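The values are calculated or read from the model by the stated rules, or taken from the named source; none is laboratory data. Only a predicted model underlies this, so the values are computations on that prediction, with no experimental measurement involved. In this analysis, Cβ positions are derived from the backbone assuming ideal geometry, glycine residues included, and neighbour counts consider all displayed protein chains. These accessible areas exclude ligands, DNA and RNA; they are computed on the full protein's heavy atoms, side chains included. Shrake-Rupley method; radii C 1.70, N 1.55, O 1.52, S 1.80 Å.
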Amino acid sequence: LEHGISAQAPGWPKTSPAYVKESDGSWSLRFADANFVTLPQQIVPQQAGFTLEVEVNPDEVVRKQGLFTSGANYFELGIANGRVFAQLFLRNGYFRPDARPERIVWGPEIRPGRWSTVRVSWDRATCRVGVDGEWGEPVAVSGDLFYARHSALGVLHSNETFFKGRIRRLRVGF
């Protein structure tokens, strides 16, 4: 696995994170600069609720940065201003003038330099975001997610939002 995620052509910048062994013997991915991991499309379902859980150890938490994205018009999980957030883009919001196309759901604060478990739970009626078992305020979110593109770990949909720190154990449930 280490060679697979570290492969690069001569003269090309390294865009994959480093595969590192933690002091407890577990493994994580170390993200820095412009590292990300592309995952299969539509890891989170378009027309069903889901839970997403990921363990993260951020270097910093003030700058806006991505933990997980399924494209600019679908679902994203990130950190900004010391807090974790989820952003859901709803298909019904794009087709109805009276509806908002996106919902931002804020979770609790997250601290840099330590491992935290970040969770998102959406049952197609309510979404909430948690850090280490503490949950933010639930937000009413109903509809279908709009348009899945790719999925990626360590970035949001724009290039300025690369994650800096370590990530391990991504889980998605339905």
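Assorted remarks:
- Tallying residues that are open to solvent by 40 Å² or more (accessible area, probe 1.4 Å) and either touching a helix residue (DSSP H, G or I) at 6+ places or on another chain (Cβ under 6 Å) or free of Cβ contacts under 8 Å to residues at least 12 places away in the same chain (or both) within segment 139-159 yields 1.
- Number of positions in segment 100-126 that are in a strand (DSSP E or B), over 13 Å from the mean Cα position of the chain (by Cα) and basic (Lys, Arg): 1
- Scope segment 70-129; condition crowded, with 16+ Cβ neighbours inside 10 Å, charged (D, E, K, R) and modelled with pLDDT of 95 or more; matching residues: Arg83, Arg119, Arg128
- Subset of segment 1-14 (residues that are modelled with pLDDT of 60 or more and surrounded by 13 or more Cβ atoms within 10 Å (Cβ to Cβ)): Lys14
- Matching residues in segment 15-28 - criterion: being within 13 Å of Leu153 (Cβ to Cβ) and open to solvent by less than 30 Å² (accessible area, probe 1.4 Å): Ser16, Pro17, Ser28
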